[in-house]
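Read the structure below first, then the notes.
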Amino acid sequence: MSRLPQAFAVLAVLALALTGCAPSNTSNTSNTDEPTGQGLASQTLSVYAAASLTGAFDELATLLEHENPAFDVQVTYDGSSTLATQIAAGAPADVFASADQKNMQPLGDEALVGPATLFAGNTLRIAVAPGNPLKIETLKDLVRPGVITVLCAVQVPCGAASASLLAKAGVALSPASEEQNVTAVVTKIAGGEADAGLVYATDVAANPDRIQGVTPAGADAVVGHYPIAVVADSAHAEAAQAFVDLVLSPAGQAVLAAHGFLAP
């Protein structure tokens, strides 16, 4: 893609700044932590990220691996609340990227993650089937008789944001189901199990052939802010910091913007 040369240049600077992590021509991405051909230890970096970050973080993981062939970046996507619970229980994560500060804060309070930095923003859209067959245009349309609406559970950032948006609009909605991550909402609408739901703008952008987005009134007043942090007991702290630095870099921000995210 056209932005790769610029992104690679930024990555090279980040990589060279890491002790013992200078770019290598080897392609060893095993997770055995044994030396590669140029003396670098191969490392499997475990990133836990909100489901809405899937497309952007897949791309950023590939960029980091390109400049650091000793790194094997594995990203686990789910609802932020689920991931935070797993990290608190001792899951072997190196980086945590949440879709809200609410799920990051308790980990910081318990010193389970390092300092968190905001790196992106997001807003909500009404998601409907392509062509919008039921002509859903407003939040009030979600409670029309016969309209099957699904939402994220309120514990999940997209669910909390949805509850806030609906409350501001004075719409009382009892969803057909409450999902544990925004990807599940997209899947139900795309699969015909639901007529509509509230998802992030980035989810609409990532699924142009599966769902269509309608911008509801007041969406710009309910913005989700995404923090990222290195997990405190990470076994690969330098590699973890390299990923965080990439996300915060101009190249990383360009990737996020291309996927529809707002500036932090």
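The values are calculated or read from the model by the stated rules, or taken from the named source; none is laboratory data. Note that the structure is a prediction, hence the values are computed from the model and not measured. Ideal geometry is used to build each Cβ from the backbone, glycine not excepted, and the neighbour counts take in all protein chains shown. Accessible surface areas use protein heavy atoms only, side chains included; no ligands, DNA or RNA. Shrake-Rupley method; radii C 1.70, N 1.55, O 1.52, S 1.80 Å.
Looking across Pro250, Pro264, one residue alone is more than 17 Å from Asp72 (Cα to Cα), over 16 Å from the mean Cα position of the chain (by Cα) and touching a residue at least 24 places away in the same chain (Cβ under 8 Å). It is Pro250. Can you tell me which residues in the stretch 108-134 are open to solvent by 20 Å² or more (accessible area, probe 1.4 Å), touching an Asp or Glu at 6+ places or on another chain (Cβ under 8 Å), outside any loop (DSSP other than H, G, I, E, B) and among the small types (Gly, Ala, Ser)? Within the stretch 108-134, none qualify. Scanning the stretch 220-248 for residues that are small (Gly, Ala, Ser) and surrounded by 19 or more Cβ atoms within 10 Å (Cβ to Cβ) yields a count of 6. Looking only at the stretch 62-97, which residues are closer than 21 Å to Asp245 by Cβ and of a type in the set (D, E, K, R)? Glu65, Glu67, Asp72, Asp94 - these are the residues of the stretch 62-97 that are closer than 21 Å to Asp245 by Cβ and of a type in the set (D, E, K, R). Being open to solvent by 10 Å² or more (accessible area, probe 1.4 Å), assigned to a helix (DSSP H, G or I), more than 23 Å from Val75 (Cα to Cα) and aliphatic (A, V, I, L, M) is a property that holds for Ala163.
To keep it simple, each residue is scored yes or no on (1) in a strand (DSSP E or B); (2) open to solvent by 50 Å² or more (accessible area, probe 1.4 Å); (3) modelled with pLDDT under 95.
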{"residue": "Gln105", "(1), (2), (3)": "no, yes, no"}
{"residue": "Ile136", "(1), (2), (3)": "no, no, no"}
{"residue": "Lys168", "(1), (2), (3)": "no, yes, no"}
{"residue": "Glu178", "(1), (2), (3)": "yes, yes, no"}
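Residues in the stretch 55-101 that are crowded, with 17+ Cβ neighbours inside 10 Å, free of Cβ contacts under 8 Å to residues at least 60 places away in the same chain and closer than 22 Å to Ser162 by Cβ: Leu83, Ala84. For Asp220, are the conditions met, namely being under 20 Å from Gly159 (Cβ atoms), in contact (Cβ under 8 Å) with a residue 40 or more places away in the chain and in a helix (DSSP H, G or I)? When the stated conditions are applied, Asp220 passes them. The lone criterion from (1) surrounded by 22 or more Cβ atoms within 10 Å (Cβ to Cβ); (2) farther than 24 Å from Asp195 by Cβ left unmet by Leu151 is number (2). For beta carbons closer than 6 Å, sequence separation of 6+ or different chains, a first residue in the stretch 161-190 that is closer than 18 Å to Asp203 by Cβ and a second that is assigned to a helix (DSSP H, G or I), the qualifying pairs are Glu179/Val185; Asn181/Ala51; Val182/Ala51; Val182/Ser52; Val182/Cys158; Val182/Asp203; Thr183/Ala51; Val186/Asp203.
Please indicate, with yes or no, whether at least one residue in the stretch 192-199 is surrounded by fewer than 16 Cβ atoms within 10 Å (Cβ to Cβ), modelled with pLDDT of 95 or more and either within 18 Å of Thr54 (Cα to Cα) or not small (Gly, Ala, Ser) (or both).
As a first pass, look at the stretch 192-199 and keep what is surrounded by fewer than 16 Cβ atoms within 10 Å (Cβ to Cβ): 192-193.
So of that shortlist, the ones also modelled with pLDDT of 95 or more come out as 192-193.
Subset that is either within 18 Å of Thr54 (Cα to Cα) or not small (Gly, Ala, Ser) (or both): 193.
So far as the stretch 192-199 goes, yes, one or more of its residues are surrounded by fewer than 16 Cβ atoms within 10 Å (Cβ to Cβ), modelled with pLDDT of 95 or more and either within 18 Å of Thr54 (Cα to Cα) or not small (Gly, Ala, Ser) (or both).
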